[in-house]
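Structure first, commentary second.
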Amino acid sequence: MEFLKNNKRFSFKLGGLNAWDLDFKSEITCNGNEIISVYHFNAGIKITNIAKKYDKFGAYEWVNYIENTSDKPSEMISDFWDCDCTLPLKHEENRKWEAYLPNAKYATKIYAPTGSVWSKTEFHCDVDTMRDSIRTNHICPGDTKEYSASGGRSSEERAPFFNVHKDGEGYIFAIGWTGQWKCQISRENDSVTFQSKIEDTFFRLMPGEKIRTSSVVIMPYHGDVTESHNKWRRLVKENFSLIGKKERDKNGPLCAGIWGGMKTQSVLERIDAIKKNGLPFEYVWMDAGWYGIDTKPTPDEFEGDWGCHTGDWRVSPLVHPQGLKDVSKAVHDAGMKFLLWFEPERVIRTTPTAIAHPEYFLSNDNPYDDNRLLNLGNPEAWEYCFKTLSDLIEELHIDCYRQDFNFSPLAFWRKNDAPDRNGITEIKHINGMYRLWDALLQKFPHLIIDNCASGGRRIDIETLRRSIPLWRSDLQCPANYDIEGSQCHNQSFNLWMPYSGTGSGRGYDEYRIRSAYAAALTTNYSFSEREAFCDTEEKVHFIKKYTEEYLKVRPYFSEDFYPLTELSEKLDVWCAMQFNRPDQNDGIVQVFRRENAPYETACFALRGINESADYLFTDADGGAFTVSGTELVNSGLKITVPDKRKAKIYFYKTV
């Protein structure tokens, strides 16, 4: 707690002057592992910093609230860095320009993952990549690296997670802001400074106005980078994620995906097929296309004008004559739960609510853009949204509320800021979004929220504490997407979060489905009305076999994670990863020999192994073998896969 007690942790300017150089009064209250620091500045500005320590992980978290307690508009508030702290880090000499490149092993490295951009390398950082004789993700004393979000979505192009590592120690930082964040990381000889904020903020507060800004989580660690990510995964799993908490699901769900514009009769037939064949799906996931009073049935997302009705959240009577009540009943009668897609923030300007209440919505500077942004910072718009969603969740007995967000909001926010209120529209919108999700979770204690934004473009520590990204990348939208993308994503997303989901595509192919296994999984065999579902014994057998297998491996995906190969998009390599459950001395190893890989045997250095124990490995396809812990530690696990484009799973446990 000394770190929290001895550091102010944030900085800002008030009226153009450094706030800490001004007169202020402070009140500091300690309550166990929480410290509340209240600062009163002249002219009525009150800053409340709520900080917490997670003792088990040595991690810190804080968030700031700003309030104008006076009866006049405040002075200008600017350069508000919600996190501005300097932390010790192993000594590093100033860089010398000489013939030899610095030893990369001892460099200070910043693991700064990309965001979601429809690529196989999402949430990955090639930390040693070089450009113009400089390793771009290394930082030397005197250097400052800058990062920011793109378009107003927190993990589009760049993700708000960072790991700064130097020779066996470092810090993981996470920015909690679901909008346009910015951060700077500076290296000094014996320390590192981390600053983070909402990017474009220069505003005055109105009398009585109160806002919260971005949060930050900082986790120091000792050890290698892989182990630091496992420590981080445990922190998120135990203290942030709702999965397994209270009345909510113990694991990420196994879903059968269905297009929402499909006629009710076809939906009911698919639900009946799942029930009759004993397929172990836990959720029926209904995607877009079900809404809009005039929306006509469509076999899949590539037909019809359903997209023009986004914002009209009345169930289409032409598609679902009984308003989805019969669908919801059939889902629950079959022993499953119901997931339904929404996109409440993006609204088409010609929908009824947009016409009746234009004051609820924001536009941008593009006269040809039919999209409007529901302004969640507007109290009336917020109430309309909360009531609309609550009524549908209650009426249709929705178990998982899926919120999508398929455009970039930044231009809408910035256009609607007053000249002396830069950033306020965004701040109030994001504050409203958090309040919306919190209110839904409180009203419906069973509910889980699926966070989607054109895939995983809104993943940050604040959304992770309220939701799970079941569709972490739109790369998997095509029915036959390159499945190696899922293998890569399992190696990258898993470094930063214990729970995330993927999709199978529609091929009845062992290599494909096993590549898609993750902490949550949605299969798409039932998705399109154009494709028959469970119409042959072969299809039924395939789905049943691999969904049952998936449920056996799923618990491991939220445990300790070890990538056993480098992340690569290439088809002439192997991909392998390990999930280890230390409290039960067991785990799984996934191995993929890709279609052009020329070698039949590979050896993998497993982690978390007890050298004095023996391990029984069971092949998911049959057969078993025992390897001593000594051999695993000293020589590794040798696997032979004679066939190309082959996926293998090995369960292991101590004997």
Which listed residue is in a strand (DSSP E or B) and out of contact with any helix residue (DSSP H, G or I) (no Cβ under 7 Å at 6 or more places or on another chain), from Lys638, Lys570, Lys644 = Lys638
Taking the residues in segment 435-463 that are open to solvent by less than 10 Å² (accessible area, probe 1.4 Å) and in contact with a helix residue (DSSP H, G or I) (Cβ under 7 Å, 6 or more places away or on another chain) as candidates, determine which candidate is farthest from Ser390 (Cα to Cα).
-> Gly455
If we keep just the residues of segment 589-607 that are of a type outside the set (D, E, K, R) and open to solvent by less than 50 Å² (accessible area, probe 1.4 Å), which is nearest to Gln578 (Cα to Cα)?
-> Val589
Residue match in segment 416-432 (condition: buried (at least 22 other Cβ atoms within 10 Å of the Cβ), within 27 Å of Lys237 (Cα to Cα) and touching a Lys or Arg at 6+ places or on another chain (Cβ under 7 Å)) = no
Give the residues of segment 94-116 that are touching a strand residue (DSSP E or B) at 6+ places or on another chain (Cβ under 9 Å) and open to solvent by 50 Å² or more (accessible area, probe 1.4 Å), sorted by residue number.
-> Leu101, Pro102, Tyr106
Could you please let me know if Lys210 is of a type in the set (Lys, Arg), within 29 Å of Lys443 (Cα to Cα) and open to solvent by 20 Å² or more (accessible area, probe 1.4 Å)?
-> yes
Got at least one residue in segment 279-290 being of a type outside the set (S, T, N, Q), over 29 Å from Ser558 (Cβ atoms) and crowded, with 23+ Cβ neighbours inside 10 Å?
-> yes
Criterion (within 21 Å of Arg158 (Cβ to Cβ) and of a type in the set (Lys, Arg)) met by exactly one of Lys96, Lys90, Lys120, Lys105 = Lys120
The condition from (1) closer than 25 Å to Val164 by Cα; (2) open to solvent by 20 Å² or more (accessible area, probe 1.4 Å) that Phe57 misses is numbered (2)
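Name the residues in segment 127-155 that are among the charged types (D, E, K, R), at pLDDT 95 or above and surrounded by fewer than 23 Cβ atoms within 10 Å (Cβ to Cβ), would you? Reasoning before the result, please.
Going residue by residue through segment 127-155, those that are among the charged types (D, E, K, R) are 128, 131-132, 135, 143, 145-146, 153.
Now narrow it down to the ones that are at pLDDT 95 or above: 143, 145-146, 153.
Across segment 127-155, the qualifying residues are Asp143, Lys145, Glu146.
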Taking segment 614-635 and the residues there that are part of a loop (DSSP other than H, G, I, E, B) and over 18 Å from Tyr546 (Cβ atoms), the one that is most open to solvent (accessible area, probe 1.4 Å) would be Ser635
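Looking at the structure I just gave you, is Glu611 more than 34 Å from the chain's Cα centre (by Cα), open to solvent by 20 Å² or more (accessible area, probe 1.4 Å) and among the charged types (D, E, K, R)?
So Glu611 fits the description; yes.
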Residue count, segment 21-37, condition in contact with a Ser or Thr (Cβ under 7 Å, 6 or more places away or on another chain) and open to solvent by 20 Å² or more (accessible area, probe 1.4 Å), comes to 3
Filtering strands (runs of 3 or more DSSP E) wholly in segment 265-361 for at least 1 residues that are in contact with a Lys or Arg (Cβ under 6 Å, 6 or more places away or on another chain), within 27 Å of Arg248 (Cα to Cα) and not basic (Lys, Arg) gives 283-286, 337-342
Apart from one, (1) among the hydrophobic types (A, V, I, L, M, F, W, C); (2) open to solvent by less than 20 Å² (accessible area, probe 1.4 Å); (3) out of contact with any strand residue (DSSP E or B) (no Cβ under 6 Å at 6 or more places or on another chain) all hold for Ala334; the odd one out is (2)
Considering segment 103-155, residues that are of a type in the set (Gly, Ala, Ser) and farther than 19 Å from Ser454 by Cα, and then whichever is nearest to the chain's Cα centre (by Cα), we arrive at Ala112
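The values are calculated or read from the model by the stated rules, or taken from the named source; none is laboratory data. Fair warning: this is a prediction, and the values are worked out from it, not measured in the lab. Virtual Cβ from ideal backbone geometry, glycine too; neighbours counted across all protein chains shown. Just the protein is used for accessible areas: all its heavy atoms, side chains included, with ligands, DNA and RNA removed. Shrake-Rupley method; radii C 1.70, N 1.55, O 1.52, S 1.80 Å.
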